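Let me begin by presenting the structure, written as structure tokens, before commenting on it.
The values are calculated or read from the model by the stated rules, or taken from the named source; none is laboratory data. Since the structure is predicted, the reported quantities are computational estimates derived from the model, not experimental observations. Here the Cβ is made from the backbone with ideal geometry for all residues, glycine too, and neighbour counts use every protein chain on show.
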Amino acid sequence: MLLADLFPSYALEDGNFEAKLGLEREKPISWLKTVDGFANAEGGTLVLGVEDDGKTLVGFDLDKLSSEKDYFLKTVREHFKVAPVMDIKPIPYEIHGMTRYLLSIFVAPSCDKPLILSYDGFGLIFLRRDGFTNPATQEEIRKMAISSSALAFDRQITDVEFNPEDFRSLYAFFQERNQGTLPTEKGLKSIPFFTDDNKLYMGAYLFSDSLQGGEAKIVCTQYPGKNRGSRDVIATKEYRGGLIGGFHFMYDFVRSRENHGFIKTDDGRKDVDAFPNRALFEAIINALAHRDYLLSGEQIAVDMFVDRLVISTPGNFHEVGNLPTTYEIKDLLSRKRNEIIYGVFVYAHAMEARGSGFELIQEEYATQDHRHRPCVYSHANQFTIVLPDLTYAPGVDILNESVEILGEIVNETERDASILAFCLDHPKSSREIAAQLQISDSSFLRKELLQRLEDQGFLIKKSQGRTALYQANPMKVKLR
């Protein structure tokens, strides 16, 4: 089978497409420069599993596919301080009655050019031109830097004049947090909120009550289970407007739908909300303040599940790139992506001038067990914070949060997502799965859990001697 059979428009390598048999281990610079070149140009796709002639498909089995993907991600993390935005997908195809896979890696154009590749102690910058990847010239580097700095979103000056009447929501928000006092024009200008000739900066304009576009789009959804695989949702709402309205939209959506419970005390009982008020407030403000507003068409996603609240914000953890799942969130120091938006929230005493509210969030959960700990992670150009539901006694298996299940699992159980997440990278035996779930390696596990997921195509069963191994189907389970 030929590459053109799967990609008719990519019969030949061109400026934004390159095919390779596999990843060079001895000199990874041979393909790292392609990733860097795509990111510094208009983006592009690298396809692995294609013979050196650039046409004939060789592909991988599931084990080799997983190994190739792991090596790619590990090496990129090692050589890029700021990871490029990427979308990695397995591409199955049938040949001689067998299923093989290519690995497709789309590298998006970087919003912060030039993207620097660190190799052998040197900072290197490549650029993709006319189907070839070459070192960028000094002039090209200068142009990339100028172009990138011009994109500082909230520092752009609009043609809209500052009018206090258009910021009633902001003024009310300020009053509520400052004992009834109002912001002053002198205070706003010092942020800076508007220019000497009274023109709003873009960061200030996002607080306007008249904002109607999708610049600050928010979508809130409540799901009946623990993942997004179900076709059914309990509720979903969309918001387009100013940032203060967005804050109330998210806060009210969660508060109106969260669970309520109680804990026994010596004197009786104490009512408990699903999410501590300060933690919820800080998580929402963080999403609004640190969102990458340059990613047009994206949205803040607020997803409520039976065990947790997940708030995902466009843009990686600023100047850090990918961030693994982290529980010690109080130690994270967030950079100010949006100086003006950040400045407005600090002026309103909605954020701490010294840093982020992560420490306050962790303090709110300090007395909880290990399954009720908040965490954050960042990848695929998205920053996510997870707040466990304190009324859900079993807590959150955060391993579940690392994967997305594509499709609905019939007769879903609480253990399904844990099994699929555990079996995603490498095949696992029932004994290993049992140990991970802290249950016995029994016929119940093999027949009621593993066999059911296999029958529905979420698990793939293979043999190693007499041992049965299970691996999550990469077409139905993927990393978030």
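Can you tell me which of Thr184, Thr137, Thr158, Thr195 is of a type in the set (Val, Ile, Thr) and either in contact with an Asp or Glu (Cβ under 9 Å, 6 or more places away or on another chain) or in contact (Cβ under 8 Å) with a residue 40 or more places away in the chain (or both)?
Going through Thr184, Thr137, Thr158, Thr195 in turn, the sole match is Thr158.
Right, Ile91: crowded, with 20+ Cβ neighbours inside 10 Å, of a type outside the set (S, T, N, Q) and over 28 Å from Glu339 (Cβ atoms) or not? If you could, list the steps in order and put the result at the bottom.
Working: crowded, with 20+ Cβ neighbours inside 10 Å: no; of a type outside the set (S, T, N, Q): yes; over 28 Å from Glu339 (Cβ atoms): yes.
Answer is no for this residue.
Consider Asp130 against the criteria (1) exposed (fewer than 15 other Cβ atoms within 10 Å of the Cβ); (2) under 30 Å from Glu185 (Cα atoms); (3) in contact (Cβ under 8 Å) with a residue 40 or more places away in the chain: it satisfies all of them except one. Which criterion is unmet?
It is condition (2) that Asp130 fails.
Tell me the helices (runs of 4 or more DSSP H) entirely within the stretch 92-201 that contain at least 1 residues that are at pLDDT 90 or above, not acidic (Asp, Glu) and not assigned by TED's automatic domain parsing to the domain that holds Asn473.
Correct list: 168-177, 185-189.
Kindly provide the set of residues from the stretch 301-326 that are modelled with pLDDT of 80 or more and not in a strand (DSSP E or B), ordered by number.
Phe305, Val306, Asp307, Gly315
Return yes or no: is Phe281 of a type in the set (Phe, Trp, Tyr), in the same structural domain as Val346 (by TED's automatic domain parsing), in contact with a helix residue (DSSP H, G or I) (Cβ under 9 Å, 6 or more places away or on another chain) and outside any loop (DSSP other than H, G, I, E, B)?
Here the answer is yes, as Phe281 does meet what is asked.
Looking at the stretch 284-294 only, could you name the residues that are crowded, with 19+ Cβ neighbours inside 10 Å and either part of a strand (DSSP E or B) or of a type in the set (A, V, I, L, M) (or both)?
Result: Ile284, Ile285, Ala287, Leu288, Ala289.
Starting from residues that are under 21 Å from Gly225 (Cβ atoms) and outside any helix (DSSP H, G or I), keep the ones in the stretch 255-272 and report whichever is farthest from the chain's Cα centre (by Cα).
This residue is Gly261.
If you scan the stretch 60-78, which residues turn out to be under 22 Å from Tyr101 (Cα atoms) and in contact with a Ser or Thr (Cβ under 9 Å, 6 or more places away or on another chain)? Spell out the reasoning first.
So in the stretch 60-78, the residues under 22 Å from Tyr101 (Cα atoms) come out as 60-76.
Scanning the stretch 60-78 gives Phe60, Asp61, Leu62.
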